[in-house]
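Below is the structure I would like to discuss, written out as structure tokens.
The values are calculated or read from the model by the stated rules, or taken from the named source; none is laboratory data. Note that the structure is a prediction, hence the values are computed from the model and not measured. With ideal geometry, Cβ positions are generated from the backbone for all residues, glycine too; neighbour counts draw on all protein chains shown. SASA here: full protein model, heavy atoms, side chains in, ligands and nucleic acids out. Shrake-Rupley method; radii C 1.70, N 1.55, O 1.52, S 1.80 Å.
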Amino acid sequence: MSVSAPAAPLLPVKPNSTLGPRGRVIPSAKFFFRGGQKFFLKGVTYGPFQPSSPGVHLHGPEKTAQDLELIRQMGANVLRLYHVPPRWFLDLCEQFDLQALITIPWEQHINFLDSRVTRLEIQDKISSGVSANRGHPAIFGYMVGNEIPTGTIRWYGLPRVKAFVENLLELAKEADPKALVTYANFPSTEYLIPNNVDFYCYNVYLEKQEVFERYLARLHNIAEDKPLILGEFGMDSIRNSQEKQAETLDWHIRTVGKMGLAGTIVFAWTDDWFTGNHQITDWAFGLVDAQRQPKKAYHAVQECFIRGADGRAGQRVPLAHYPRVSIVVCSYNGARTLQACMQSLQEIDYPDFEIILVDDGSKDDTQSILRDFPNVKNIRQKNMGLSYARNVGWQAASGAIVAYTDSDCMADKDWLYYLVATLQNGSYAGVGGPNISPPAQDWIQACVAAAPGSPSHVLLTDTVAEHIPGCNMAFWRWAFDVTQGWDVEYRKAGDDVDFCWRLQQAGYEIAFSPSAIVWHHRRFSINAFFKQQQGYGEAESLLRFKHLIFFNPNGTAKWKGSVYGLPRFERFLQQPIIYHGVFGMGLFQSIYPAPESAFAGISSSLEWVTLTACAAVASLVFPAFWIIPVFMFLATVFTGFTFMVRARLEPRYDTLLARLLVWWLAIVQPLMRGWSRYFTWISLKHTPSRLIVTHEAGIPRFRFERENTLSYWSNEGIERDRFLSEVTAILEHENWQYSLDTGWTDWDIQVYGNTWWDCRLRSMTENHGGNDRLNRIQLAPKMTSLTKASLGLLVALIIVLHVYLNADPYLLVVLSMILGTFLLFWAVRLRNRLGEICELAARRCRFVRVEAEKG
């Protein structure tokens, strides 16, 4: 979902424009950058070797220089070491333009949390290991641990081990603030996910390409908006042939590039390997043998690291073909961010695309900004709403693929490459990617970015999406023919959700590409954020009319998949589910997001707050019950507090005041959204006046049979599908709100009649031989949630008056009877109006009304 950007001027700040000098590598979203250019990590593990001196697990400088020259010729740019090197080694790395990723060893295979002395020793090793070479330009970063055994984590419990690792990461940052820090994980402890790493690293040995590719998709979603690298991958050339080793490493590196990882590290440089105080002779994972003679794997890796594809060594593999892509940007008063948006699109690295800007009646400087971009197809129209503008965009497009982003977004240069690569990787109708907040310009914007309610993706699996945000999506052109384009009823938001659901209901899948990123400015003020949430609430009301099966009774979306963008895998009070395997011995011990906390959803809702207020008023009359509203209020406060604690704020803006603002936003956001949702819902529910006479005169009066049923005979073989199509056409013409069966209900059409009643239409066809058909139609009025709540409140008041106050409830009983009569009138009126529609639809189908048999 998206709404128009604020109108005040904004300096075009690109996420990569503040990156450091040539020597430093900086993480930015899913990638690394060096000197403003993407840095694909092409690594190889180096050592450990038999110590040349105490504590130095390296050969002497002369032999090391020979190794580094061969490594440089192979095209690698990072060496992963398993011990802290001496400074002369880093000086050699700088000379050969190589960087060191240093793993600091400690006693991670013992019960290290039992002893305070052991913990302090480990912490000292991290601090001293990082400080030893603090600030050296050849340092890429540090790993503060490597593959803590799953049994150890299971023994101590995940929270304790995670807290300890995060403490080590903080110590490393304090020792060298400019160095990157991470923890080397592996599939057996996939669930150990420190929050304060600069990038994620997994050691993965999977030798089947399709399995490997699926697992990378999973790791991408675990890494969310941080770079992901593989810390180790290799193959033994003793148990496998050199040809097999070379072939496997070739597809490994190409798959890493295709899947959009930030890099990979091959294990290992040489068969010369000394560990556990002895020389290893029964494994040969090296790219060169112990005498430094290159194996076939060396040349395979060299081919990928140096030549690569598209001139992007090691990072991208050629696509099967490069279909033309039309990028559509719809903007209404989006001048504040439009310059940066257009500039980022100009820099996209893709061979065949066009840019279309649909100016939806802007009154700001949009047109003057576009003069700087003469190659952009500029379409101006009066303000018609977002969906209308998106329809104009795809209809003007010349590409086989139509991609959408917003004027408050900036696209990564490889955005189209990853979108198209994912589309070509399966029979998908569309694809989307994540939208990531660029660095906030002040603490208010940082809090808004961390608050709940921002647009995000919803995943059914690691690769298939239920919903992709409208600011980052692309579809094959034929998908618009399937759906008839965007529904123009959605003027501000919700059209992306509606489009995705309609496409899925037609039997198609939408993919998710985690590396196809756009930078999406969150709202720049609290007021703009609340307006956005009000727009989302309106959109949910519109969506509920047409997709009832996807909504809860209170009107909130009921997603089948997992919503991303909330604090990692922790929905308020819920904890993630971890599969450990029998006795905790599974090779792949996976983490699964817990469903959103039902308690948190209820206690933060508008309905709950309203009931809290009512209970507070009631406690004035019944003081003994004062604890009830207090408990309800504290539940709401606590729900906001849990979000505040787990929210991810940018470190430079992470203050107590900022956390308190996030807490307040977490409480107010669902109330604003719920308020807008309810009032939009009520205003849209109506029973249109009698319009049938304007269509077709002479509709006879009718009466219902028992159980609100109608029966129609056809001797032309016309069945209920034709009848339902006619009913739908009339509902559309008369501007009713309704939902159609999606395959999950026992009714055909649900019509939203008025504030108090809905009505469900169900049909069946009896086959009486030949072309003789009897079509039965049932109309069943259904109370809305407001009706049920009103009746329940009246019943509760009657009971309280009679039981607790010994008062005479006759007045309320009379009021209840009047309300019941009023409700019955509206139910009959709605049923009769729909009965007229059924009569008209039956007449168009040439049905003959069959009267009910008496008796």
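Testing T784 on (1) over 23 Å from L710 (Cβ atoms); (2) in contact with a helix residue (DSSP H, G or I) (Cβ under 8 Å, 6 or more places away or on another chain); (3) surrounded by 18 or more Cβ atoms within 10 Å (Cβ to Cβ), one condition comes back false. Which one is that?
(2)
Quick one: is T150 within 32 Å of the chain's Cα centre (by Cα) and of a type outside the set (A, V, I, L, M)?
yes
Using beta carbons and a limit of 6 Å, which pairs, at least six apart or on different chains, have the first residue in region 236-253 and closer than 13 Å to Y298 by Cα and surrounded by 17 or more Cβ atoms within 10 Å (Cβ to Cβ) and the second one among the hydroxyl-bearing types (S, T, Y) and at pLDDT below 95?
Between residues of region 236-253 that are closer than 13 Å to Y298 by Cα and surrounded by 17 or more Cβ atoms within 10 Å (Cβ to Cβ) and residues that are among the hydroxyl-bearing types (S, T, Y) and at pLDDT below 95, the close pairs are Q245/S237.
Does region 1-27 hold any residues that are at pLDDT 90 or above and of a type outside the set (A, V, I, L, M), and which are they?
Here is the first cut: in region 1-27, the ones at pLDDT 90 or above are 25-27.
Result: P27, single match.
Hey, another quick one. Name the pairs: first residue in region 358-378 and free of Cβ contacts under 8 Å to residues at least 12 places away in the same chain, second residue open to solvent by 40 Å² or more (accessible area, probe 1.4 Å) and assigned to a loop (DSSP other than H, G, I, E, B), Cβ to Cβ under 8 Å, at least 6 apart or on different chains?
none
Restricting attention to region 820-834, which residues are over 21 Å from Y752 (Cβ atoms) and in contact with a helix residue (DSSP H, G or I) (Cβ under 9 Å, 6 or more places away or on another chain)? Give the steps one after another, and end with the answer.
Restricting attention to region 820-834, the residues satisfying the condition of being over 21 Å from Y752 (Cβ atoms) are 820-821.
G820 - this is the single residue of region 820-834 that is over 21 Å from Y752 (Cβ atoms) and in contact with a helix residue (DSSP H, G or I) (Cβ under 9 Å, 6 or more places away or on another chain).
Mind listing just one residue for me: the one in region 143-153 that is buried (at least 18 other Cβ atoms within 10 Å of the Cβ) and in contact with a helix residue (DSSP H, G or I) (Cβ under 7 Å, 6 or more places away or on another chain) and, of those, farthest from N111 (Cα to Cα)? Walk me through it before giving the result.
Restricting attention to region 143-153, the residues satisfying the condition of being buried (at least 18 other Cβ atoms within 10 Å of the Cβ) are 143-148, 150, 153.
Remaining after also requiring in contact with a helix residue (DSSP H, G or I) (Cβ under 7 Å, 6 or more places away or on another chain): 144-145, 148, 150, 153.
Numbers: V144: 17, G145: 14, I148: 10, T150: 12, I153: 9 Å.
Among residues in region 143-153 that are buried (at least 18 other Cβ atoms within 10 Å of the Cβ) and in contact with a helix residue (DSSP H, G or I) (Cβ under 7 Å, 6 or more places away or on another chain), the one farthest from N111 (Cα to Cα) is V144.
Taking region 750-782 as the region of interest, how many residues are within 36 Å of the chain's Cα centre (by Cα), part of a strand (DSSP E or B) and of a type in the set (S, T, N, Q)?
Counting residues in region 750-782 that are within 36 Å of the chain's Cα centre (by Cα), part of a strand (DSSP E or B) and of a type in the set (S, T, N, Q) gives 1.
What tally of residues in region 342-379 results from selecting those that are surrounded by fewer than 16 Cβ atoms within 10 Å (Cβ to Cβ) and closer than 19 Å to A516 by Cβ?
Residues that pass the stated criteria total 6.
Listed residues S427, S331, S398, S368; which is in contact with a strand residue (DSSP E or B) (Cβ under 7 Å, 6 or more places away or on another chain), of a type in the set (S, T, Y) and farther than 21 Å from P455 by Cα? Reasoning before the result, please.
Details: S427 fails: in contact with a strand residue (DSSP E or B) (Cβ under 7 Å, 6 or more places away or on another chain); S331 fails: farther than 21 Å from P455 by Cα; S368 fails: in contact with a strand residue (DSSP E or B) (Cβ under 7 Å, 6 or more places away or on another chain).
When all the criteria are applied, what remains is S398.
A further question on this structure: Output the residue which, of all residues in region 682-698 that are closer than 21 Å to A827 by Cα and either part of a loop (DSSP other than H, G, I, E, B) or modelled with pLDDT of 65 or more (or both), is most open to solvent (accessible area, probe 1.4 Å). Full working, then the answer.
Of region 682-698, the ones closer than 21 Å to A827 by Cα are 682-692.
Adding the requirement that they be either part of a loop (DSSP other than H, G, I, E, B) or modelled with pLDDT of 65 or more (or both) leaves 685-691.
Working: K685: 12, H686: 62, T687: 19, P688: 11, S689: 72, R690: 114, L691: 60 Å².
This residue is R690.
Consider region 58-89. How many of its residues are under 44 Å from the mean Cα position of the chain (by Cα) and assigned to a loop (DSSP other than H, G, I, E, B)?
Of the residues in region 58-89, 8 are under 44 Å from the mean Cα position of the chain (by Cα) and assigned to a loop (DSSP other than H, G, I, E, B).
Next up: Which condition does A297 not pass, out of (1) over 29 Å from R477 (Cα atoms); (2) open to solvent by less than 40 Å² (accessible area, probe 1.4 Å); (3) part of a loop (DSSP other than H, G, I, E, B), if it passes all the others?
All conditions are met except number (3).
Mind listing whichever residues of region 413-429 are open to solvent by 10 Å² or more (accessible area, probe 1.4 Å) and among the charged types (D, E, K, R)? Before you say what the answer is, go through the steps one by one.
If we filter region 413-429 for residues that are open to solvent by 10 Å² or more (accessible area, probe 1.4 Å), which is where we start, we get 413, 421-422, 424-428.
Scanning region 413-429 gives a single hit, K413.
What's the number of the only condition in (1) hydrophobic (A, V, I, L, M, F, W, C); (2) in contact with a Leu (Cβ under 9 Å, 6 or more places away or on another chain); (3) crowded, with 20+ Cβ neighbours inside 10 Å that A65 fails to meet?
Of the numbered conditions (1) hydrophobic (A, V, I, L, M, F, W, C); (2) in contact with a Leu (Cβ under 9 Å, 6 or more places away or on another chain); (3) crowded, with 20+ Cβ neighbours inside 10 Å, the odd one out for A65 is (3).
With the checklist (1) open to solvent by 40 Å² or more (accessible area, probe 1.4 Å); (2) at pLDDT 85 or above in hand, flag the one item L815 doesn't pass.
For L815, the failing item is (2).
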